[in-house]
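Working notes, beginning with the structure itself.
A short reminder: the numbers here are calculations on the coordinates, not readings from a lab. Source: prediction; values computed, not measured. Glycine gets a Cβ as well: all are built from the backbone with ideal geometry, and neighbour counts include every protein chain shown.
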């Protein structure tokens, strides 16, 4: 079977798919930030008087939300990378239109600083620190 080369219509389709993944990514991060903020507020109100089991439960919920968001956002980022990679591999040489994605980040250390990856990771680490502080500060 001959190799198929992408057309301008394919570029439009790939752009729309990337846009959709980015919109879903934004929604997931918004949910994560909202839930994490509510959990942190609950923790702040109950830190002194709440039983440790409640603090650990809130911390566990925060950890799970952060880890779940990290997985989901990594999936979206990987999907966008694969879509833009497909375009690179299949676009015709004569195509002179815009790329299907605004900016491609190639270096891994910069990828990790994207809010979509960094923020859920920070929340996961934060909840681990909360548990450690609680374990070491209570008699």
Exercise for the section: Note down the relative contact order for region 8-137 as a percent, whole number, built from C-alpha pairs under 8 angstrom at least six residues apart. Expected result: 40 percent
Completion exercise
So the angle from the long Cα axis of helix 52-90 to the longest Cα principal axis of the chain, reported in degrees to the nearest 10, equals 10 degrees
Fill in the blank from the handout: Nearest 10, in degrees from 0 to 90: the angle of helix 115-137 to the longest Cα principal axis of the chain is 20 degrees
Completion exercise
For the chain, the longest principal axis of the Cα atoms and the Cα long axis of helix 8-46 enclose an angle in degrees, to the nearest 10, of 10 degrees
Practice task
Can you tell me which of 84-93, 18-27 comes out highest on packing, and rank the rest after it, using the mean Cβ neighbours within 10 Å?
Solution key: 18-27, 84-93
Exercise for the section: Please work out the C-alpha center-to-center distance from region 44-67 to region 13-39 and express it in whole Å. Expected result: 25 Å
